[in-house]
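The values are calculated or read from the model by the stated rules, or taken from the named source; none is laboratory data. Keep in mind that this is a model prediction, so the values were computed, not measured. Counting neighbours? That spans all protein chains shown, and the Cβs are built from the backbone with ideal geometry, glycine included. To get the accessible areas, we keep the full protein, side chains included, count just its heavy atoms, and leave off ligands, DNA and RNA. Shrake-Rupley method; radii C 1.70, N 1.55, O 1.52, S 1.80 Å.
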Amino acid sequence: MRRFHCRCGLPVYFDNHRCGGCGRLLAFDANRLEMVAEVEPGSGLPFCDYRDSDSLCNWIASDGDTICLSCRTSRVIPALSKSENRSRWRTLERAKRRLIYDLLRCGLPVDPDRMQFAFKEDRRTNPDVDDDHVSTGHDNGLITINAAEADDVYREAMREQMHEPYRTVLGHFRHESGHYYYHVVVPDARLAEARALFGDERADYDAALRQYYDNGPPANWSDTYITGYASAHPAEDWAETWAHYLHMQAALEAAESNGLVATAASEAADWRGRFIELALSINSVQRSLGLKDAYPFVITERIGEKLAFVDSVVTAFSHQPPSSAMTAS
């Protein structure tokens, strides 16, 4: 996420509601990908109706609507009668807004009629709901996130149980969006190329997941897959690679905006090489503070080929004439 500025010139951040310097109210404009400030303190902006809700939305309402683009994608939210769900909802919506920024920045369409989100509980954390088990996943445009993932303790327990190097709310959003965007950005003409890299996404998903959970990833998985879970099924390999592509692009943008790395000279710049150098530097800083690596993954040649494919289809899609691609709503 890059750095933004208020009208008064002071830096402000993506989650801010007010400038700490001049006091102007702030909001994010999804059409311009900019934080905007009131002309004068108290003059107001066309805020989303959910600004004063527990989600603390800080976006501008969509054109012709009173709700912003991000909030329009929320189909189900956890019951707010349960006090802890208020902070959960806030955490989930905050991560979703970052995902949507990622997607729009990449030139991808965000259509709230096609991609929606359901934040649901199950009986493991709330005995009063109907579902015994809610799995985070994607189904024909509907992305479901178990609301408990917004709890740090629950998420860390799941990370250890799943033997993951890290597990974040934003990572869930980026991963699940990959399942949706596969059918948006990969044209029929490049399906054979995608299947050569990731495998055939039509393979029996349930059987593949049973095999993975019974036996784990293959011994040499790290040569070919960005994570062990990516080896479970071609669709998961794509989604994990997609999520890491968004991780890398977001980290590079933040690093450039804050002067940690030089701004790329052109779109053709070696973004993967630049990210790897950035990650190595950040990991060194983390270790010097006695902390875990910020990016504990290895990009092999094969994984690099997959990332390059994701970048190529995203770039090609984003450069299509507006009439040949879906538009953001």
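See the values below:
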| quantity | calculated |
| --- | --- |
| For segment 231-277 and segment 181-228, distance of Cα centres in Å | 20 |
| For semi-axes √(5λ) of the Cα gyration tensor in Å, calculated from these coordinates, the label among [x] 38, 23, 19; [y] 31, 23, 18; [z] 31, 25, 21 | [z] |
| Helix-derived mean residue ellipticity, 222 nm - over the chain, DSSP H n ≥ 4, -39500 (n - 2.57), to 500 | -13000 deg cm²/dmol |
| Of ARG167, ARG195, ARG124, the one that fluctuates the most in a GNM where the chain has Cα springs shorter than 10 Å | ARG124 |
| Percentage relative contact order, segment 180-321, counting C-alpha pairs under 8 Å, at least six apart | 26 |
| Convex hull volume per residue in cubic angstrom - Cα atoms of segment 1-110 | 109 |
| Taking the chain and dividing mean pair separation by its residue count, relative contact order in percent (alpha carbons under 8 Å, at least six apart) | 14 |
| Label-point separation, ALA219 to HIS5 (7 Å along Cα→Cβ), nm | 5.8 |
| Solvent-accessible surface ranking, highest first, for TYR181, TYR205, TYR13 at 1.4 angstrom | TYR13, TYR205, TYR181 |
| Residue-by-residue Karplus 3J(HN,Hα) for segment 225-236, coefficients 6.51, -1.76, 1.60, Hz, glycine and proline x | 10, 5, 9, x, 5, 4, 7, 5, 6, x, 5, 6 |
